[in-house]
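One structure is given here, and the rest of the page talks about it.
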Amino acid sequence: MIRRLLCLLALIAAPALAADALRPPLLLTGARANVQDLSGRWTYSKDLYRTGFTDINGWVAKSRMQRHRDVDVAAEEGKPGPAFFEFDLDRGPAMDIPGAWNSATPELRYFDGLIWFQRRFDAPMKTGQRSFLRFEAVNYRAYVYLNGKEVGRHEGGFTPFVVEVTDTLRAQGNRLVVGVDSKHDADSVPGEITDWDLYGGITRPVKLIQTPATFIDDATLRLNDAGRLVGSLQLNGPQAANRAVNLRIAGLNLTLPARTDANGEARFDVAAPAGLKRWSPDAPTLYDVEFDAGDDKVRDRIGFRTIAVRGSEILLNGQPIFLKGICIHEEEIGPNPARRIDDAAARRLLGEVKNGLHGNYVRLSHYPHNEAMLRAADEIGLLVWSEIPVYWTVNWDNPATLGLARRMQAETIYRDRNRASVVLWSIGNETPVADNRTRFHTALAETVRALDPSRLISAALLVERKGDTIHIADPLLKELDVIAVNTYAGWYGDDTLEAVGKLRWEVPADKPLLFSEFGADAQVGFRDATLRRKFSEDYQADYYRATLAMAAKVPTLRGLSPWVLKDFRSPRREHPVFQNGWNRKGLISETGQRKLAFEVVAEHYKARAK
């Protein structure tokens, strides 16, 4: 009882946490000159019983099991003596990194646990420079060792983290070992059960970044509601204070000097030049922005726009907009996706939305997606909903779980603050209404407002139904700028498609509403024009016609993101004919074949005015 009371008090106090406390200690955002990509073949060693960490009875692991050791096993085995080893990462099997291990070999398809990865590399160094490893994502827990020394840990499978290795790096023969544990539990985010694939591993690029002793850690710039360009630059290093810095936008003929304060931060604030073109889906104008601090420079491509709500309207650059979109999971198109999203894979997915569906918006579900997706959305011109994986149920009463969710939110915001495409931060999906859950989400909403008040907050909510009337009775509504609901009437439950058209929505009149999910499964190629059974393309197309007609009657509806663009892997879905481990609600198959419903949605969006 006392423990529960302490947890409750900690959750109540949590929103008071200063925003600065959530800033990652190192960011290294933006494009830089001295970067070595460590993508390629990494060797690995399975460790289902976690012997690299602990021996029997919880004892410290035996040295012969410790995969992170900086040792040439083959050479040691050639020496006389009683010592032996039960690992050798130098001679282990290899897989391509980045990429999920579940797609690497049939043996690892459903592996869920600990795998050790190793990459050997050289790193020419200059006197006085600093060195960092930046991991864009490791799913789910990462334990990082360089040359036998632990240099960092991270929890959370979808956000970047940086560790400094200046004092550990060697000019030649570096041994980078990463223990990756994909296990989730009651206190992780997300929890143990989801509706998508495990995808354990080093799923996004790893880079060695080398900088001067004092370097630009982060720089940001945006257009505010008053028509001014505002931003900041943060230096890290012994000479960070009282340093002259500059911001340049060649396309606007703008140079803005500034000076850092005692904490190494400089701020920028200037009236937007008259020639500035605002970013929008119709005209996704981006500017090359350069930040410099003497011998260090960072570049970014940034679009400038405003986003706001007024009553039930969503305003982009002061004008009402209807969000015509789709949900997407982070899987590339192909028969064996490995969550290996590069620019080409991102553009292929987003091109289906922009050019195929005539869309202007994507919901990147249910976690922060690869940065390549956000940058491609900037270039192509798609508005983005970005979400953290507070999904279904997590441990609402554990302050550590809340702290983890807030850190994930912060890591996402700091990574993507310069992306014009991102207009909505989502703080959760389909979480059950309860007091402890609402306190948890309220703390997340306050975190977002503290870190980034320039964007809108939403969450995909559950609804209540009484007869043919649907209500949204969620106390979280007051924390949201935009209401969003998931609805599957006509697929789950006993409703016929004729009954879908009779549904009535009673929703608040003073906030915009999004249908954040709706959809039906269909196996591509399965046609049933007579019975129009579920899992047929015919039923899925009829479902969309009925649901879109129903949605058109909701007066405050300001956007749609059906579930989902592409069939995606999910171990929950095991019908041996229609699913076989795939959620089949995609408008296209896993290999990119369009289903009948794709054209239903495309024609609906094409016919709809802005």
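The values are calculated or read from the model by the stated rules, or taken from the named source; none is laboratory data. Remember, predicted model here, so these are calculated numbers, not experimental data. Quick reminder, even Gly has a Cβ in these numbers, built from the backbone with ideal geometry, and neighbours come from all protein chains shown.
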Out of all the residues in segment 118-152, which are among the hydrophobic types (A, V, I, L, M, F, W, C) and either within 24 Å of Pro212 (Cβ to Cβ) or in the same structural domain as Glu371 (by TED's automatic domain parsing) (or both)? Phe121, Ala123, Met125, Phe132, Leu133, Phe135, Val144, Leu146, Val151
At least 3 residues that are out of contact with any Gly (no Cβ under 9 Å at 6 or more places or on another chain) and surrounded by fewer than 23 Cβ atoms within 10 Å (Cβ to Cβ) in each: list the strands (runs of 3 or more DSSP E) lying fully within segment 138-202 that qualify. 149-155
Looking at segment 61-80, is at least one residue in a strand (DSSP E or B), surrounded by 13 or more Cβ atoms within 10 Å (Cβ to Cβ), of a type in the set (Lys, Arg) and over 28 Å from the mean Cα position of the chain (by Cα)? no
If I filter segment 518-532 for residues that are among the small types (Gly, Ala, Ser), touching a residue at least 12 places away in the same chain (Cβ under 8 Å) and in a helix (DSSP H, G or I), do I get at least one hit? no
Of the listed residues (Leu235, Leu256, Leu247, Leu221), the one being touching a residue at least 60 places away in the same chain (Cβ under 8 Å), not in a loop (DSSP other than H, G, I, E, B) and not assigned by TED's automatic domain parsing to the domain that holds Gly92 is Leu221
I'm trying to understand the selection: among the residues of segment 339-364, which are farther than 12 Å from Val384 by Cβ and among the aromatic types (Phe, Trp, Tyr)? none
In segment 385-401, how many residues are part of a loop (DSSP other than H, G, I, E, B) and in contact with a helix residue (DSSP H, G or I) (Cβ under 9 Å, 6 or more places away or on another chain)? 9
Would you confirm whether or not segment 304-314 contains a residue that is surrounded by fewer than 17 Cβ atoms within 10 Å (Cβ to Cβ), over 29 Å from Leu480 (Cα atoms) and of a type outside the set (S, T, N, Q)? no
Which members of segment 40-58 meet the condition of being among the aromatic types (Phe, Trp, Tyr) and closer than 19 Å to Trp101 by Cα? Trp42, Tyr44, Tyr49
How many of the residues in segment 545-601 are under 24 Å from the mean Cα position of the chain (by Cα) and of a type in the set (A, V, I, L, M)? 5
Residue count, segment 368-414, condition in contact with a His (Cβ under 6 Å, 6 or more places away or on another chain) and either within 13 Å of Glu330 (Cβ to Cβ) or not assigned by TED's automatic domain parsing to the domain that holds Cys327 (or both), comes to 2
Can you go through Phe518, Phe526 and tell me which one is hydrophobic (A, V, I, L, M, F, W, C), under 34 Å from the mean Cα position of the chain (by Cα) and surrounded by 21 or more Cβ atoms within 10 Å (Cβ to Cβ)? Phe518
